[in-house]
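In what follows, a single structure is set out as structure tokens and then discussed.
The values are calculated or read from the model by the stated rules, or taken from the named source; none is laboratory data. Keep in mind that this is a model prediction, so the values were computed, not measured. Positions of Cβ are backbone-derived with ideal geometry, glycine not excepted, and every protein chain shown enters the neighbour counts.
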Amino acid sequence: MVEKTIGKTKDDSNSLDNKLIVSLSPHIRSDESVRGIMGDVIIALIPAMIASIYYFGFNAFKLILITTISAVCAEAFIQKLFKKPIRVNDLSAVVTGILLALNLPAGAPWWMAVFGAFFGIIVIKEFFGGIGSNFMNPALGARAALVASWPSLMATYTFPDAVSSATPLQILKEGSGSLPTIQQMFIGNIGGVIGETSAALLLIGGVYLVIRKVIDWKVPTIYIGTTALMLLLLGVDNSQIIYHILGGGLMLGAIFMATDYSSSPVTSKGKIIFAIGCGLLTALFRVKGNLPEGVTYAILIMNVASPLIEKLTKPKVFGEVK
Amino acid sequence: MDLGKLTFKGGASIPEFKELTSKNPVEVLKSPKIVYIPLHQHSGSPCEPLVNVGDVVKIGQKIGSSNAFVSSSIHSSVSGVVKEISTIYTPTGIKSKCVVIENDGMDEMIESIKERSLEYYKREEIISTLKEMGIVGMGGASFPTHVKFSPPEDKKIDILIINGAECEPYITADHRLMLENTKDIVSGIKVAMKALNTEKAYIGIEDNKPDAIEAMKKELAGEKNIEVAILKTKYPQGDEKRIIDAITNRKVPLGGLPMDVGCVVSNVATIKAINDAILKGKPLYERIVTVTGSVNNPKNLLVRIGTPIEDLIEACGGFKGKPGKIIIGGPMMGIAQFDLKTPIVKGSNGVLVQALDEIKNEEVLPCIKCGKCIDVCPSRLEPLFISSYSLKDNYSKCDELNALACVECGACSYICPAKRPLAESIKIAKREITAKRKKS
Ligand code: SF4
Ligand code: SF4
């Protein structure tokens with residue numbers, strides 16, 4: 001990207017002291033930084049990472065490490081190749097790496113993790129212009145690619161004791177198997193991708209992000225609320241709704257993926273429409289479709305729609321009469 | 001009616017640094033040996049000099065005037081001899097004729113300075129006196145007050161708003177004025193109300209100045225038609241359209257003026273100047289300036305118009321550390337100066353020195369689409385898009401996105417985590433758009 005330098009306002013030919021800096025206002029900047037925001041996201045993900053390691057053991061730890069290192073390497077490599085400044089220290093690739101790991105089943109082989117990270121960073125993020133310009137969430141895009149390429153590997157959920165187990169939503173859908181208790185759903189220890197195991201710890205991260213003003217509380221709330229409402233409308237039984245809310249990666253998706261800046265509308269009205277859309281699609285996919293969890297594709301589809309939503313929700317300029 | 005914590009949508013909270021000077025009473029700065037008085041200190045037509053080299057002048061003597069309606073007279077701020085009519089850059093970057101006067105140190109006043117009470121004035125007379133006395137907006141834009149006070153017949157002004165928000169960080173000149181000249185402000189408001197034929201006035205003050213709110217309320221006890229409106233401390237609360245919105249809930253239409261919603265907004269310092277001009281016969285030749293930042297003793301000074309900024313800095317104990325930037329105005333909207341000889345003009349409310357090591361030169365990163373710039377924009381624009389078109393020289397697209405509604409408050413650039421030059425590039429787009437409109 002070409003950056004024009006915005007410099008002097010006056011010619012300083014008759015300057016008596018040309019050591020003074022002359023630039024356009026404002027002359028102060030806030031402490032906000034890209035690195036700071038990404039750092040906050042990483043902090044918010046720590047409880048969820050701890051939960052995944054606690055319940056899935058070394059496998060989870062390995063996956064997080066592999067995806068993160070691969071994502072950072074992929075970013076540095078492609079930026080070097082494209083002759084762009086290398087900006088891995090903005091920590092955005094770290095966020096992508098962690099999110100990708102949290103979206104994998106515990107038994108995913110290492111090469112899948114590496115492939116996913118490279119695919120997410122290179123194809124989904126950097127090919128479309130890098131940070132801020134990619135229209136899809138890189139971690140989710142990578143997950144979708146992995147699901148399409150290795151469907152059975154991506155749907156085998158193993159526990160540390162090597163017992164494979166269906167996810168609560170699979171159990172609900174197929175109507176056989178024993179459901180975990182609601183308490184388990186909330187605290188952790190359910191079948192699924194490693195990051196969705198503990199709704200409570202995901203929520204803690206979400207609250208942190210809201211307090212730090214990194215995300216708007218309305219997005220996850222509306223997303224989850226719409227999903228629940230739509231499920232009820234589609235005839236899902238009252239008693240099952242809680243499983244739908246706590247399971248199927250909804251928390252992870254609503255808090256950490258649907259709030260991704262780059263792939264969701266930048267306007268606040270647009271963000272709300274985006275969240276509603278995600279909720280509707282998630283419920284639809286779960287009930288009518290073949291996908292027990294539905295979150296990945298719901299968010300990805302809304303990612304694609306987001307430039308359009310953004311255009312339609314332009315804020316009304318102060319004093320504008322329409 | 002209880003007017004508590006009024007505000008507008010958007011805006012940012014910014015560290016204030018007002019404590020550097022907010023407790024410092026205004027000190028009179030010794031008049032300088034030489035003053036440089038630009039003849040173009042206001043928006044509108046420049047003045048022509050009325051004096052020649054060698055003429056002897058007194059304080060308050062008119063030294064520049066213009067026949068154009070949108071202009072305002074210029075007066076001498078010292079007694080002495082005209083040394084030169086030169087050319088100078090004003091703090092706002094206008095190239096202007098400048099009357100250079102050598103001060104004889106006698107501080108002789110012109111004889112015509114006389115007190116006169118408000119009853120003896122007709123409305124029209126107040127308006128014409130304002131132009132004679134060189135009264136312009138002292139909050140920044142320096143728009144001639146008599147023009148602002150002469151709306152067309154069909155625009156009835158029913159609310160006068162006195163702007164005491166002073167939302168710029170660091171600056172405390174208006175704050176001190178409200179504390180130390182409370183009476184003059186109240187009588188000035190009455191003059192302005194008569195000039196505008198307006199029944200109702202509000203004085204808007206941010207809630208970070210509780211002592212000023214208290215003082216004004218006390219002085220206004222018993223006044224039914226003038227009220228204090230307490231505003232939430234948020235930048236840019238003092239912007240004309242935002243303060244109208246906060247106090248009256250009226251929205252100035254896009255591209256419109258405050259008079260389109262029956263309002264006129266005047267800064268407190270302007271009101272004080274109106275009071276002095278009409279009731280005391282004193283033209284505008286001095287003003288309060290906050291000198292702050294990296295100087296040894298930050299102060300509020302009463303300064304003669306035309307005093308070079310180096311005199312102010314010297315009076316504040318000189319630079320603290322190596323100076324990097326010298327700004328006339330505040331850090332958000334002030335203008336960086338390149339010359340220590342630049343004189344204080346009617347619109348200069350502050351001199352802010354930033355030390356070289358304070359100035360961070362942060363790398364500009366790609367926009368991450370966080371939307372923070374949209375959230376803070378008081379005009380509810382989308383700075384990220386306007387700016388990116390401006391950087392690609394696509395100014396007609398900027399125009400489509402209402403770049404002209406930008407009030408150049410700088411909040412977007414301030415907040416941007418990617419440190420993008422948003423306000424800076426939008427300002428450039430505005431200039432290009434206006435230039436193009438003028439041509440066609
Ligand atoms: S604040 Fe900066 S990074 Fe955020 S959307 Fe605006 S321009 Fe982009
Ligand atoms: S676009 Fe203009 S009005 Fe809006 S925040 Fe930026 S500088 Fe202020």
- Query: Within the range B:391-429, how many residues are near ligand 2 (Cβ under 10 Å from one of its atoms), more than 7 Å from chain A (Cβ to nearest Cβ) and charged (D, E, K, R)?
  - Reply: 1
- Message: Quick check on this structure: which one of B:A355, B:A411 is modelled with pLDDT under 95, among the small types (G, A, S) and more than 9 Å from ligand 1 (Cβ to nearest atom)?
- Response: B:A355
- Go through (1) more than 9 Å from ligand 1 (Cβ to nearest atom); (2) surrounded by fewer than 23 Cβ atoms within 10 Å (Cβ to Cβ); (3) within 26 Å of the chain's Cα centre (by Cα); (4) within 10 Å of another protein chain (Cβ to nearest Cβ) and name the single condition B:E432 misses. (4)
- Message: B:D260 - would you say it is within 20 Å of the chain's Cα centre (by Cα), touching a residue at least 40 places away in the same chain (Cβ under 8 Å) and within 14 Å of chain A (Cβ to nearest Cβ)?
- Response: no
- Message: Looking for something farther than 26 Å from A:K125 by Cα, surrounded by fewer than 24 Cβ atoms within 10 Å (Cβ to Cβ) and within 13 Å of chain B (Cβ to nearest Cβ) - is there at least one such residue anywhere in the range A:292-302?
- Response: no
- Task: Using the structure shown, decide if A:I242 is farther than 20 Å from A:K173 by Cβ and either in contact (Cβ under 8 Å) with a residue 24 or more places away in the chain or among the aromatic types (F, W, Y) (or both).
- Result: no
- Message: With the requirement that a residue be away from ligand 1 (no atom under 14 Å from the Cβ) and crowded, with 20+ Cβ neighbours inside 10 Å, what does the range B:358-384 give you?
- Response: B:P378, B:S379
- Task: Might you check whether a residue that is hydroxyl-bearing (S, T, Y), buried (at least 24 other Cβ atoms within 10 Å of the Cβ) and not in a loop (DSSP other than H, G, I, E, B) occurs anywhere in the range B:122-145?
- Result: yes
- Within the range B:297-336, track down each residue that is of a type in the set (S, T, N, Q) and crowded, with 24+ Cβ neighbours inside 10 Å. B:N300, B:T307
- Message: Given the options B:R242, B:R250, name the one that is of a type in the set (K, R), under 16 Å from B:F8 (Cα atoms) and crowded, with 20+ Cβ neighbours inside 10 Å.
- Response: B:R242
- Identify the single condition in (1) assigned to a helix (DSSP H, G or I); (2) under 26 Å from A:A51 (Cβ atoms); (3) aliphatic (A, V, I, L, M) that A:A76 does not satisfy, given that it satisfies every other one. (2)
- Task: Select from the range A:4-17 the residues that are over 41 Å from the mean Cα position of the chain (by Cα) and at the interface with another protein chain (Cβ under 7 Å from one of its Cβ atoms) and write down the one among them that is modelled with the highest pLDDT.
- Result: A:D17
- Note on the structure: Quick count over the range B:5-25, residues being closer than 23 Å to B:T290 by Cα and away from ligand 1 (no atom under 16 Å from the Cβ), is 11
- If you go through the range B:364-381, how many residues are of a type outside the set (G, A, S) and within 13 Å of ligand 2 (Cβ to nearest atom)? 9
- Message: I need a count of the residues in the range B:82-103 that are of a type outside the set (A, V, I, L, M) and either under 22 Å from the mean Cα position of the chain (by Cα) or not in a strand (DSSP E or B) (or both).
- Response: 9
- Task: Have a look at B:K322, B:K372 and point out the one that is out of contact with any Phe, Trp or Tyr (no Cβ under 7 Å at 6 or more places or on another chain), facing chain A (nearest Cβ under 9 Å), within 22 Å of B:V295 (Cβ to Cβ) and not β-branched (V, I, T).
- Result: B:K322
- Is one or more of the residues making up the range B:316-326 away from ligand 2 (no atom under 16 Å from the Cβ) and without any contact (Cβ under 8 Å) to a residue 12 or more places away in the chain? no
- Hey, can you tell me all the residues within the range A:308-322 that are facing chain B (nearest Cβ under 7 Å) and polar (S, T, N, Q)? none
- (1) small (G, A, S); (2) at pLDDT 95 or above; (3) more than 17 Å from A:F318 (Cα to Cα): which one isn't true of B:S440, the others all being true? (2)
- Query: Does A:L202 fit the bill of being surrounded by 24 or more Cβ atoms within 10 Å (Cβ to Cβ) and assigned to a helix (DSSP H, G or I)?
  - Reply: yes
- Note on the structure: Note on the range B:407-428: residues in contact with an Asp or Glu (Cβ under 8 Å, 6 or more places away or on another chain) and either of a type outside the set (A, V, I, L, M, F, W, C) or within 10 Å of B:S387 (Cβ to Cβ) (or both) are B:S413, B:C416, B:P417, B:K419, B:A423, B:I426, B:K427
- Which of (1) at negative phi; (2) within 12 Å of ligand 1 (Cβ to nearest atom); (3) surrounded by fewer than 23 Cβ atoms within 10 Å (Cβ to Cβ) does B:K419 not meet, given it meets every other one? (1)
- Message: Whether any residue in the range B:346-357 is touching a residue at least 60 places away in the same chain (Cβ under 8 Å) and facing chain A (nearest Cβ under 8 Å) is what I want to check.
- Response: yes
- Note on the structure: Reported set for the range A:22-66 where residues are facing chain B (nearest Cβ under 9 Å) and surrounded by 23 or more Cβ atoms within 10 Å (Cβ to Cβ) is A:S25, A:P26, A:H27, A:V34, A:I37
- Could we say that B:E310 is touching a residue at least 12 places away in the same chain (Cβ under 8 Å) and within 14 Å of chain A (Cβ to nearest Cβ) here? yes
- Pick from B:A403, B:A355: which is over 30 Å from A:L91 (Cβ atoms) and surrounded by fewer than 22 Cβ atoms within 10 Å (Cβ to Cβ)? B:A355
- Can you name the residue in the range A:297-322 that is touching a residue at least 24 places away in the same chain (Cβ under 8 Å) and outside any helix (DSSP H, G or I) and is also farthest from A:V287 (Cα to Cα) among such residues? A:P315
- Among the numbered conditions (1) crowded, with 22+ Cβ neighbours inside 10 Å; (2) within 14 Å of chain A (Cβ to nearest Cβ), tell me where B:I278 comes up short. (2)
- Message: Can you confirm whether B:S387 is hydroxyl-bearing (S, T, Y), farther than 21 Å from A:M38 by Cβ, buried (at least 21 other Cβ atoms within 10 Å of the Cβ) and within 11 Å of ligand 1 (Cβ to nearest atom)?
- Response: yes
